[in-house]
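Following: one structure in structure tokens, then a few remarks.
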Amino acid sequence: MDFSLSPDLRELQMRVRTFIAEQVIPLERDRRCGAHGPGEDLRAELVARARAAGLLTPHASRELGGLGLGHLDKAIVFEEAGYSTLGPTALNVHAPDEGNIHLLEAVATPAQKARWLRPLVEGRVRSCFCMSEPPPGAGADPSMLATTAVRDGDGYRINGVKWFITGAQGAGFAIVMARMDDGSASMFLTDMGRPGIEVVRTMDALDSCFTGGHGVVRLHDLWVGADDVLGEVGQGMRYAQVRLAPARLTHCMRWLGQARRAHDVALDYARRRQAFGRALGEHQGVGFMLADNEIDLHTARLHIWHTAWLLDRGERCNFESSRAKVVCSEAEWRVVDRSVQILGGQGVTHEQVVARIFADMRAFRIYDGPSEVHRHSMGRKILAGRRDASLRQPSGTGAAPPR
């Protein structure tokens, strides 16, 4: 595995780093940032700046106006975007739109791409992904899907309640997961302005980094046409993996940038702040925390790059994706937690961006599957000998049995 950056990728990395530093970070204290994320007018300004810089939606295909980045390329660019709390919004690489763009490019029909995907790539609309439900519906276990879709004429009638729907308030359209009569699941596309779909409320949450926050969405006799089925009827669970497996990794990429930002702030403070006759960082307890931060950042980056490298090779990486999600979410969280500790009183106030990152990042250990669910899934695969790309052994060296 050669992880050296090509000259073109290094140049792109520096372009994004400069853009974030000069045009995005200065807006982090803008009054248009609220409890439920950056407001629509601020989002529009950020998107316009990224568009002018040639950096908007870089993960989309070149045919749609993006840069057609591979997974390893995204690891570099998304980390740089994540260095600012507003960076993913500016580059249009934030959740859930980033994952929805990936899914729509892979599954949508040409007509669906023209109607929904292109405006999303151009940053003219936002979207949401309606899968999670209140108990007893689907959460970490998607097989508990309770929202139903029943055939009605030349379309489907959908009923159910979704919650923790990121970006629901103000979204232009939604991808809705629903259970069919035979127990399978399907995905449907719908404009948010249609009769029968309603954002009931926006939930108060620790984080404030997603435009539109997290909403509760009620679907009551929502009718969608057969042309609005995303992919094939009954294949919703398979498409969910098309979307969620890479999305776990892109979460790791973006939050790595946030963790690096928190560490940099803490490091600068440890160099400048005097305590007991010397710089704070010269005290062993603080120096050890800085060292542990570097270890965790490097560990997370290696897991991201390795899994991205496998995905770029076309390998099936569900195990690796789960492992990276656990390792990165927990390592990056530790970095931010230590950074708060190093900053002391400054770390628990909004005098520093670290307190904001701390609140935003806590949910990362839950997004796209809690660590415990991923560990459970990995444990079952290990016991069954079902190993993904990086765990397969060459023939004659204790190879795992075929899948």
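Has the stretch 56-68 got any residue that is under 21 Å from Phe210 (Cα atoms), more than 16 Å from the chain's Cα centre (by Cα) and buried (at least 18 other Cβ atoms within 10 Å of the Cβ)?
So far as the stretch 56-68 goes, yes, one or more of its residues are under 21 Å from Phe210 (Cα atoms), more than 16 Å from the chain's Cα centre (by Cα) and buried (at least 18 other Cβ atoms within 10 Å of the Cβ).
Identify the residue in the stretch 22-37 that is surrounded by 14 or more Cβ atoms within 10 Å (Cβ to Cβ) and not charged (D, E, K, R) and, among all such residues, is farthest from Gly54 (Cα to Cα).
Across the stretch 22-37, the extreme among qualifying residues is His36.
Out of the stretch 69-107, which residues are among the small types (Gly, Ala, Ser) and more than 24 Å from Ala171 (Cβ to Cβ)?
Gly70, Ala75
Of Gly215, Gly225, which residue is assigned by TED's automatic domain parsing to the domain that holds Gly155, under 28 Å from the mean Cα position of the chain (by Cα) and more than 23 Å from Ala324 (Cα to Cα)?
None of the other options fit; the residue is Gly215.
Any residue in the stretch 61-84 that is over 25 Å from Gly314 (Cα atoms) and in contact with an Asp or Glu (Cβ under 8 Å, 6 or more places away or on another chain)?
Yes, because at least one residue in the stretch 61-84 is over 25 Å from Gly314 (Cα atoms) and in contact with an Asp or Glu (Cβ under 8 Å, 6 or more places away or on another chain).
To keep it simple, each residue is scored yes or no on (1) among the aliphatic types (A, V, I, L, M); (2) part of a strand (DSSP E or B); (3) modelled with pLDDT of 95 or more.
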residue: Asp2; (1), (2), (3): no, no, no
residue: Leu5; (1), (2), (3): yes, no, no
residue: Asp8; (1), (2), (3): no, no, yes
residue: Glu11; (1), (2), (3): no, no, yes
residue: Arg17; (1), (2), (3): no, no, yes
residue: Ile20; (1), (2), (3): yes, no, yes
residue: Ile25; (1), (2), (3): yes, no, yes
residue: Asp30; (1), (2), (3): no, no, yes
residue: Ala44; (1), (2), (3): yes, no, yes
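Being touching a residue at least 40 places away in the same chain (Cβ under 8 Å) and not hydrophobic (A, V, I, L, M, F, W, C) is the filter; apply it to the stretch 286-308 and report the residue that is nearest to Ala259 (Cα to Cα).
So the residue we want is Asn293.
Does Thr85 satisfy the criteria of being under 30 Å from Leu256 (Cα atoms), in the same structural domain as Arg49 (by TED's automatic domain parsing) and modelled with pLDDT of 95 or more?
Judged against the criteria, Thr85 is a match.
Under the condition of being surrounded by fewer than 18 Cβ atoms within 10 Å (Cβ to Cβ) and in contact with a helix residue (DSSP H, G or I) (Cβ under 8 Å, 6 or more places away or on another chain), which residue from the stretch 298-317 is modelled with the highest pLDDT?
Thr299
Out of the residues in the stretch 138-164 meeting the condition of being in contact with a Ser or Thr (Cβ under 7 Å, 6 or more places away or on another chain) and in contact (Cβ under 8 Å) with a residue 12 or more places away in the chain, tell me which one is surrounded by the fewest Cβ atoms within 10 Å (Cβ to Cβ).
Among those that are in contact with a Ser or Thr (Cβ under 7 Å, 6 or more places away or on another chain) and in contact (Cβ under 8 Å) with a residue 12 or more places away in the chain, it is Asn159.
Given (1) crowded, with 23+ Cβ neighbours inside 10 Å; (2) under 28 Å from Tyr156 (Cα atoms), identify the lone condition not met by Arg238.
The number of the failed condition is (1).
Could you tell me which residue of the stretch 258-296 is nearest to Glu330 (Cα to Cα), considering only residues that are surrounded by fewer than 23 Cβ atoms within 10 Å (Cβ to Cβ) and among the small types (Gly, Ala, Ser)?
Ala291
Any residue at all in the stretch 338-352 that is modelled with pLDDT of 90 or more and either under 19 Å from Glu79 (Cα atoms) or in contact with a Pro (Cβ under 9 Å, 6 or more places away or on another chain) (or both)?
Among the residues of the stretch 338-352, at least one is modelled with pLDDT of 90 or more and either under 19 Å from Glu79 (Cα atoms) or in contact with a Pro (Cβ under 9 Å, 6 or more places away or on another chain) (or both), which makes the answer yes.
Restricting attention to the stretch 239-248, does a residue exist that is over 26 Å from Asn92 (Cβ atoms) and not small (Gly, Ala, Ser)?
no
The values are calculated or read from the model by the stated rules, or taken from the named source; none is laboratory data. For clarity, every value in this text was computed on a predicted model and none was experimentally measured. Note that we place each Cβ from the backbone using ideal geometry, even for glycine, and neighbour counts take in every protein chain shown.
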